[in-house]
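Have a look at the structure below before the remarks.
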Amino acid sequence: MSIRERLSGNEAAAIAMKQINPDVVAAFPITPSTEIPQYFSTFVSNGTVDTEFVAVESEHSAMSACIGAEAAGGRAMTATSANGLSFMWEMIYIASSMRLPIVMSLVNRAVSGPLNIHNDHSDAMGVRDAGWIMLFSENNQEAYDNLIMAHRIAEHKDVLLPLMVCQDGFITSHSIENIELIEDDLVKNFVGKYEPEHYLLNSKEPISMGPLDLQAYLFEHKKQQSQAMVNAKKVILDVAKDFEKMTGRSYTFFEEYKLDDAEIAIVCMNSTAGTTKYVVDELRARGVKAGLLKVRMFRPFPAEEIAKALSHIKAVAVLDKADSLNACGGALFSDVTSGMQVNKVMVPTINYIYGIGGRDTKSTDIESVFNDLEKIVKTGNIDNPYRYLGLRG
């Protein structure tokens with residue numbers, strides 16, 4: 001029997017952490033993720049969890065403490081945003097290269113400078129190649145559900161990679177929505193006990209971690225990380241199936257919203273998918289065959305599966321909430337088009353950079369994208385594939 005609640009995305013993340021009851025949480029406050037460790041600290045202080053809460057002096061130290069705890073054989077979690085993630089950058093790579101399944105809640109926010117505390121995806125895109133599994137969340141429910149599934153995925157023996165669950169700062173992190181929580185005992189049984197095979201405090205197997213790794217071995221170790229990402233795809237689906245059996249809520253690599261018979265489609269991530277669904281419904285009522293592909297799993301990237309899902313579409317727009325500043329589109333666009341090309345799917349595809357620094361993206365903006373796609377279908381002419389949405393001037 002699920003528990004109906006009204007919670008913000010940050011509250012939902014903190015409650016998921018409470019139900020998981022990790023061994024260690026290390027965190028440093030930064031807007032808009034501050035509330036997650038703040039809420040969780042109350043569970044520590046009132047004895048609801050027996051987690052060791054480490055209040056560190058910086059985000060670099062937060063990830064360092066998580067690395068130490070996980071390497072010692074504990075289950076570790078943290079939360080951060082934007083510049084905090086940037087400050088962790090060195091340790092983000094170390095966590096993944098040491099194959100430590102740390103779970104982090106990343107509340108997406110623009111990275112300085114100039115200083116901006118509002119939502120875009122520049123923080124997540126900055127570490128997209130750091131070797132972390134990355135799950136994106138459209139709403140509060142999905143942020144909660146992704147965190148419940150996270151440890152099962154990250155700690156699997158064929159994966160052993162850290163995982164971050166992303167949600168949009170303020171848009172979902174501070175907005176209150178109806179949510180269905182899972183009973184504590186069911187979460188405990190689902191997540192299971194963390195029993196690593198190798199860890200520093202195992203007196204029967206003295207080991208060291210993080211030694212010098214030069215020409216003789218580093219290449220092979222990076223290939224092992226890459227293979228773990230490949231392995232993660234099956235594990236993510238298997239865990240999602242078990243989660244569906246428990247809750248009735250179904251997750252895969254991405255969501256196809258009215259995509260089966262669509263002629264034009266948008267690809268996007270996180271909360272923008274909700275606005276896009278509304279516009280798709282409005283256009284469908286007017287006879288326009290519009291659809292949406294919402295990416296949930298960004299790393300590993302489901303290139304082959306996305307290419308197949310879009311193969312029948314006549315024109316596609318990929319929306320990026322971060323600009324790669326490379327003169328050829330955003331990261332999601334590059335991955336989608338690369339996957340389509342490699343899998344021999346030739347569909348006219350355009351890119352929109354949007355929402356930078358928290359710029360509102362309205363339903364009329366999304367509708368204008370679908371209008372542009374209709375023109376491409378009619379004329380066969382793309383002109384400039386690299387575009388901006390909602391940009392003044």
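Coordinate-derived values only; no laboratory data. Values in this document were obtained by computation on a predicted structure and should not be read as measured data. All Cβ positions, even for glycine, are placed from backbone atoms using ideal geometry, and neighbour counts span all protein chains on display.
What to note about this one:
- Distance distribution note for the chain: the fraction of Cα pairs above 26 angstrom is 51%.
- Descending semi-axes in whole angstrom, ellipsoid equivalent of segment 73-150, from the Cα gyration tensor: 20, 17, 10
- The chain - mean residue ellipticity at 222 nm from DSSP helices (-39,500 (n - 2.57) per run, n ≥ 4, rounded to 500): -13000 deg cm²/dmol
- Cα-based Rg and Dmax for segment 219-259, where Dmax is the largest Cα-Cα distance (Å): 14.1, 43
- Ranking 20, 132, 182 by how far each Cα lies toward the positive end of the dipole of segment 3-247 (charges on Cβ) leaves 132 at the top.
- Per-q log10 I(q)/I(0), segment 254-389, q = 0.18 Å⁻¹ (Debye; single scatterer per alpha-carbon; no solvent): -0.97
- Computed about the Cα centre, the dipole magnitude for segment 158-262 is approximately 420 debye when only Lys and Arg (+1) and Asp and Glu (-1) carry charge, each at its Cβ.
- Spin-label pair residue 178/residue 241, simplified geometry with 7 Å Cα→Cβ offset, distance in nm: 3.1
- Evaluated with a Cβ-only charge set (Lys, Arg +1; Asp, Glu -1), segment 3-247 carries a dipole of roughly 440 debye about its Cα centre, given to the nearest 20.
- With Cα atoms, 0 to 90° folded angle of helix 363-379 axis to the chain main axis: 50
- Each of 128, 109, 286 was scored by other Cβ atoms within 10 Å of its Cβ. Arranged with the fewest first, they read 286, 128, 109.
- Cut-off 15 Å between beta-carbons: net charge of the residues surrounding residue 211, Lys and Arg +1, Asp and Glu -1: -1
- Across all Cα atoms of segment 295-368, the radius of gyration (one decimal) and Dmax (whole number) stand at 12.8, 36 Å.
- Farthest toward the positive end of the dipole of the chain, out of 83, 262, 361, is the Cα of 262, where the dipole comes from beta carbon charges about the Cα centre.
- DSSP beta bridges in the chain [antiparallel fraction, %, rounded to 5]: 25
- Against the main long axis of the alpha-carbon atoms of the chain, helix 218-247 sits at an angle near 80°.
- Extension gain from residue 157 to residue 328, taking 0.36 nm per residue of separation minus the Cα-Cα distance: 57.8 nm
- Segment 206-259-segment 90-144 distance, computed between alpha-carbon centres (Å): 16
- Measuring against 24 Å, Cα to Cα, the residue pairs 157/245; 258/375; 193/234; 18/193; 241/294; 157/294 contain 157/294 as the ones spanning a longer distance.
- Against the empirical curve 2.2 N^0.38 Å, the C-alpha radius of gyration of segment 36-91 lands at a ratio of 1.16.
- Ordering 4-15, 138-149 by mean Cβ neighbour count within 10 Å, with the highest value first, yields 138-149, 4-15.
- Sorted from longest to shortest, the spans of the Cα atoms of segment 1-135 along the three principal axes equal 41, 35, 30 Å.
- On Cα atoms only, tilt of 9-20 relative to the major axis of the chain in degrees: 40
- Summarising the strand pairing of segment 254-389, around 15 percent of its internal DSSP beta bridges are antiparallel.
- At R0 = 25 Å, FRET efficiency that the Cβ-Cβ distance of residue 312 and residue 342 yields, to 0.05: 0.90
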